[in-house]
1. Give the range 44-76 a look and list any residue that's surrounded by 16 or more Cβ atoms within 10 Å (Cβ to Cβ) and free of Cβ contacts under 8 Å to residues at least 12 places away in the same chain, or say none.
2. Among (1) of a type outside the set (Val, Ile, Thr); (2) modelled with pLDDT under 95; (3) crowded, with 24+ Cβ neighbours inside 10 Å, where does residue 203 come up short?
3. Select from the range 147-165 the residues that are part of a loop (DSSP other than H, G, I, E, B) and either within 17 Å of the chain's Cα centre (by Cα) or over 17 Å from residue 8 (Cα atoms) (or both) and list them in ascending order.
4. Would a scan of the range 151-159 turn up a residue that is within 30 Å of residue 477 (Cα to Cα) and either small (Gly, Ala, Ser) or in contact with a Pro (Cβ under 7 Å, 6 or more places away or on another chain) (or both)?
5. Suppose we keep only residues that are over 22 Å from residue 178 (Cβ atoms) and surrounded by fewer than 19 Cβ atoms within 10 Å (Cβ to Cβ) within the range 89-115. Which one would you say is farthest from the chain's Cα centre (by Cα)?
6. Which one of the conditions (1) of a type in the set (Ser, Thr, Tyr); (2) more than 24 Å from the chain's Cα centre (by Cα); (3) more than 30 Å from residue 419 (Cα to Cα) does residue 277 fail to meet, given that it meets all the rest?
7. Give the range 112-160 a look and list any residue that's closer than 24 Å to residue 551 by Cα and touching a His at 6+ places or on another chain (Cβ under 6 Å), or say none.
8. Conditions: (1) free of Cβ contacts under 8 Å to residues at least 24 places away in the same chain; (2) surrounded by fewer than 15 Cβ atoms within 10 Å (Cβ to Cβ). Residue 541 meets all but one. Number of the miss?
Amino acid sequence: MVINYLIFILFYFLIVFSVLGHGLLTSKLVKLDTSPNEIGFIGLTGIFSLITYSYITHFFFQHNYLHNSIFLIIGIISFFIYGIKVFQKRNLKILIAVFAILFVAFLIYKTHDDFGYYHFPYTYYLNKFSMIVGIGPLNHGFRTPSSIFYLNSLFYLPYVEYYLFHMGAVLILGFSNIILITNIERNLEKKNNNYFFFLNLLAFVFINIFFYRLAEHGTDRSAQILVLLFFIYILSLRENYEKYDKILPKLIVLLCIIISLKSFYILYFIFIVPFIYYTIKDDKAYLLNKIFKHPIFYFSILMGICVILVYFFNTGCLLYPVQQTCISGVEWAIPKSEVSAMNTHYQWWSKAGGGPGYSHEIEKDLYVQNFNWLSNWVDRYFFNKMSDFLLGITSILVIFLIVFKSKKKNLDYKRFKNNFLYYFLILLLFTEWFLNHPSLRYGGYIIFSLILFVPLSYFLSSYQISKNFKLKIFILFFLVVSIFIARNINRIIYEVDFYQANFKQNMFYFIDNKHLRIDTQLMDLAKTYQNCNQNIEKCINNGEFIIKKSYGKLVLIKIRNK
């Protein structure tokens with residue numbers, strides 16, 4: 001019905017404006033130096049603040065209709081008080097245009113497999129309960145929660161209920177696109193085709209061609225989009241020390257969101273090493289002191305503490321499934337032997353030992369060692385998923401070489417050499433990725449793209465700008481947007497034909513009892529505790545959990561066979 005679509009679209013854009021409003025409030029609070037043209041980054045700042053707020057409040061409150069409605073309204077009011085005055089009409093038009101285009105991707109019926117397994121259940125748990133200690137054993141996914149669940153939990157609202165739990169992915173994709181478009185436009189105005197320009201342009205083409213299906217984003221692709229932005233900003237910092245106070249806080253915001261989305265991206269802290277090295281080498285060491293004085297640094301520490309506490313209260317480990325971070329003696333903790341086994345399981349899975357429709361006969365511990373996995377990985381994963389991806393990204397490289405080839409200037413090898421340490425670390429991350437988790441979803445997309453895009457950007461910047469340069473950019477933008485829309489329309493048609501999705505009636509994705517099973521289980525556990533004689537210290541539910549209350553919190557203790 002038309003009224004359903006109108007209400008759905010209304011909530012969609014209200015959330016976008018509310019996130020921007022919270023971004024503006026946070027920018028003022030932590031003194032972020034952002035210009036009115038940086039509407040995309042203000043949006044990411046809003047996401048950063050919402051995630052932090054969601055983590056903190058979950059310790060005390062459930063994110064129900066009332067809580068979320070109040071928070072949404074505060075953001076909208078902030079946007080109309082500050083945003084209307086700050087943002088130019090042109091920037092608002094770009095904002096509305098980008099999210100209007102992304103709406104075609106927002107209409108989904110079939111979600112990805114992990115959505116029903118733990119993405120939806122965990123987010124819905126945040127809506128129905130404040131923190132419950134020891135929920136890790138309920139579901140493997142509850143042991144590795146992502147900040148995108150905490151972000152999406154704030155979009156549980158009247159009428160639309162839990163049908164906006166994929167809003168976080170579209171916000172990250174939308175605001176990231178706006179940042180890239182703004183950067184590209186700024187370089188066009190300066191008639192500058194330096195490597196930053198091409199790196200932004202390649203990033204824009206890449207994320208909209210390869211990440212067009214919102215249902216596949218999960219926690220992984222959103223993080224990889226932000227890694228691409230992070231790398232662009234860290235390279236720009238190297239050559240723009242005069243903008244240090246503006247760029248550094250952005251790096252902190254991006255890195256915090258990235259690591260909170262997927263904990264293993266903590267590896268990207270490695271980029272701090274060349275950052276410190278180059279800063280000292282360029283006689284700019286005094287700038288490092290500003291890191292510890294900026295309010296965003298303390299805000300990021302607060303967010304990091306919240307993430308670690310959630311891991312601890314869910315599993316007994318500070319960083320699951322790293323066995324060394326698990327604390328002995330915690331009564332709700334998952335045993336270290338099980339943590340170690342799950343670490344092996346994740347490697348086994350990423351090395352094509354298991355997956356939809358196939359598995360391998362070798363024991364997991366043996367399979368992941370000494371490249372025993374390599375032949376099966378090549379057979380099962382490299383052909384055809386990896387090879388298709390490499391073919392697609394190679395096509396982008398060839399198209400860019402053909403389109404932007406013109407009269408050549410001298411290639412500035414010195415500039416590339418000056419930033420080579422960053423590129424070397426990308427190659428180092430590739431080695432770590434291949435040895436431990438060689439799956440595209442676990443960082444592979446972004447590692448391959450950076451390995452290829454960075455040298456290509458330097459190479460293309462050696463060509464002179466042709467007379468029809470802007471026309472080429474316009475045509476490229478038009479083609480990318482057209483492909484994005486066409487592929488999503490084709491997906492919608494497929495979902496209607498194959499899954500009998502009824503988008504004429506409503507635009508909600510499919511939900512059944514499977515998605516609500518853990519909420520039902522938690523409700524039963526809570527009732528069990530309420531029905532216990534309060535003089536009894538511990539209550540047992542179905543011989544599976546011991547349920548008790550400590551410091552005002554329900555604590556679940558898994559009963560395990562000795």
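The values are calculated or read from the model by the stated rules, or taken from the named source; none is laboratory data. A quick note: this is a predicted structure, and the numbers were derived from the prediction, not measured. Virtual Cβ from ideal backbone geometry, glycine too; neighbours counted across all protein chains shown.
1. 57, 67
2. Unmet condition: (2).
3. 164, 165
4. no
5. 110
6. Among (1) of a type in the set (Ser, Thr, Tyr); (2) more than 24 Å from the chain's Cα centre (by Cα); (3) more than 30 Å from residue 419 (Cα to Cα), the lone unmet condition for residue 277 is (3).
7. Those that are closer than 24 Å to residue 551 by Cα and touching a His at 6+ places or on another chain (Cβ under 6 Å): 126, 127, 131.
8. For residue 541, the exception is condition (2).
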